[in-house]
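Enquirer: Handing you this structure, nothing more for now.
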Amino acid sequence: MATATQAPKTATPTDDVTEKPDATTTPAEAFGTTWALQDIDPSQLVRDEANARPDTPPDADLIASVKAIGVQEVVGVRPRPDGTFGVFKGWRRSQAAQLANDSSETENRPRRSVSCAVHADLVGRDAATRLLSLLENDQREGMTERDKARAVEQIALDMSDAELTQAAGVLNISRTAMRAAKRAQKLDDSTLRRASAAGMDLEQMAELAEVADVQGADRALESARERDEEEGKGGRGHWDHAMARLRETKALQDRRTTTLKELEEAKIPLLPNHPRWGEQDHSRRLSDLTTGMGNPLTEDNHAGCPGHSARMDADSNPVWHCTNPSEHGHRVRPGAQTAKKMNPQEKERRARTIAGNRAWKAAREVRKEFIRKLIQSKSLPDDAVDLALTTLLTRARFYADYADKGAYADVARFLGVKDPGEVGEINATDTFGEVITRTGKARKMHLLFAHVAAAFEHSIRADNAWQGTWGTQPGWLLWLEAHGYTLSEVENEAVAKHRPKISTDAADEADPGTGEDADTEAGAQEDFADEEFGDDDGES
């Protein structure tokens, strides 16, 4: 009996679950497997419970081959308590060997044993066994994307952090992607195959599954992934923005579904937003009406009216109406204006504003997550410190406008602490005082920059800020872009008019030996704090 042994490799857990461990690690090195070659009668072989591949029977060609020359590749097994051996690699070959032996006497062929690699050290180690099985079967016929995702999910569930890090290295995926395997399985088979063909990893497949019921989600994400690859920065900025927009769309769809269900259960009619041609619309919003005595009408006190109804607003929330106020004894509130009919151009502008506001809101979350990671990185860019100090020293009123609001949510998020505004007995002094105390000298500036970054975000918080031309918005977005942030479509539109123009003449005349800047974006970034903000009131 021949024996082969591999020395174990020590695993070190990592805090960065998105980082891929060393892809050169082999299965034997990662798990210290020791195996021995042994010829085993096929009747002693059973399918191991940790076999990653579904129980697929051998086809006719494989059976014919095994009948003719036997099993030529070593089968991976581990001992079982009842004396049999669990096959985790090569179960189809093992079944073919069993069928071949069953018919050997009638077909005048010799009975053959199967050469097996017996892994005694895998007894009781289902996750490690499943990992080795997955690696063996990954490229073989019959192993679907769903099978792979299911196997990875089980591996991630059964392993310790140290083993998970090792397994991620063997599979050449991140630990985060391994944990995303369960969510990825929510995709249907065709979408899973398409996503795999497009190069999506398990983490991306899991995110696709989150928004799969949004029409065109897969195409939007495939396009975003391609753009990220084309830029070659190794990031996923376009993907993140696409996901943010799709999540916003899904939330809108879900709200609409919920609103429709609630109206139907309450037997409240849903009025069309645009009456059919030739039909008169006598309905009015309750906010425009009063009772006969002049009291306001609300959802509650109007619920018993035969004309109680609703329309859906742009955010899929119900707006309460009365179908015929005069018929039901209501009066129009003094000062209420009749809704103005919009022409096609006005409708187009309104639709564009709504779409822009939604896109701006979606981009805001991606941008804040980028800022959080920037602040929690080991070191800040040098000009981040300069920006923070310049803002505090020369733009006092701009910063005070934020500080006076007591809006701590963003700075708390950037620093990874609880928002004092949401924790009753904990005030800002306690929360941030503790952060200051435990932060080392080398990272004190991170705290300062977090507060200034929160001030910038506060200044562009309004939904329609993307349409503005005032000072803080373009400079802040361009500064983030210069430090690796990928601007979304709506953010690009917001800064388009403020991008520094590259003057060919100026570039030709600039003397590289003197360090003189042409009118370039790089030069403009250096002057961000002085020129982009405008005066202390935040106006250009």
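The values are calculated or read from the model by the stated rules, or taken from the named source; none is laboratory data. Quick caveat, the model's predicted, so the values are computed rather than measured. Ideal geometry is used to build each Cβ from the backbone, glycine not excepted, and the neighbour counts take in all protein chains shown. All accessible areas refer to the heavy atoms of the entire protein, side chains included, with ligands and DNA or RNA removed. Shrake-Rupley method; radii C 1.70, N 1.55, O 1.52, S 1.80 Å.
Enquirer: What pairs in Lys368/Lys405; Lys373/Lys444; Lys378/Lys441; Lys261/Lys361 have C-alpha atoms more than 21 Å from each other?
Expert: Details: Lys368/Lys405 19 Å; Lys373/Lys444 16 Å; Lys378/Lys441 13 Å; Lys261/Lys361 26 Å.
Too far apart for the 21 Å limit: Lys261/Lys361.
Enquirer: Sticking with this one: With a Förster radius of 25 Å, plug the Cβ-Cβ distance of Glu107 and Val74 into 1/(1 + (r/R0)^6) and report the FRET value to the nearest 0.05. Mind dumping the intermediate values first?
Expert: Values: r = 25 Å, r/R0 = 1.01.
About 0.50, to the nearest 0.05.
Enquirer: Could you please state, rounded to a whole Å, how far the C-alpha centre of the stretch 181-198 is from the C-alpha centre of the stretch 333-389?
Expert: 32 Å
Enquirer: Right, here's the next one. Considering amide H positions built from the backbone, and no H for Pro or chain starts, which residues 5 or more places from Cys116, or on another chain, come under 5 Å of its amide H?
Expert: Amide H neighbours of Cys116, under 5 Å, 5+ apart: Gln38, Asp39, Ile40, Val75.
Enquirer: What accessible area per residue comes out for the stretch 237-384, rounded to a whole number of Å², with a 1.4 Å probe? Could you put the intermediate results ahead of the total?
Expert: Values: 9430 Å² over 148 residues.
Roughly 64 Å² per residue, with all protein chains present.
Enquirer: For the stretch 196-268, what mean projected area does the convex hull of the alpha carbons give, in nm²? Could the numbers behind the result be given before it?
Expert: Details: hull surface 21.2 nm².
Its Cα hull, projected and averaged over all orientations, spans 5.3 nm².
Enquirer: Around Lys89, which amide H atoms from residues at least 5 apart in sequence, or from another chain, sit under 5 Å from its own amide H, with H modelled in the peptide plane?
Expert: Gly76
Enquirer: To the nearest 0.05, how large is the calculated FRET efficiency for Asp463 and Ala336 if R₀ is 25 Å and r is the Cβ-Cβ distance?
Expert: Working from the Cβ atoms, E equals 0.50.
Enquirer: Right, next: Run the numbers for Ala355 and Glu434: contour at 0.36 nm per residue of separation, minus the present Cα-Cα distance, in nm. Display every interim value, and only then the final one.
Expert: Numbers: separation 79, 0.36 × 79 = 28.44 nm, distance 4.16 nm.
Contour length minus Cα-Cα distance gives 24.3 nm.
Enquirer: Still on this structure: Which ³J(HN,Hα) values in Hz, rounded to whole numbers, follow from the phi angles of the stretch 69-75 under the Karplus curve 6.51 cos²θ - 1.76 cosθ + 1.60, where θ = phi - 60° and Gly and Pro get x?
Expert: Result, rounded to whole Hz: 10, x, 7, 8, 9, 5, 9.
Enquirer: Quick one: which residues, 5 or more positions from His321 or on another chain, have an amide H under 5 Å from its amide H? H modelled 1.01 Å from N in the peptide plane, none for Pro or chain starts.
Expert: For His321, the qualifying residues are Leu286, Ser309, Ala310, Arg311.
Enquirer: So what is the accessible area of the stretch 40-141 per residue, in Å², with the probe set to 1.4 Å? Intermediate results must be reported in sequence, preceding the final value.
Expert: Numbers: 4800 Å² over 102 residues.
It amounts to 47 Å² per residue over the stretch 40-141.
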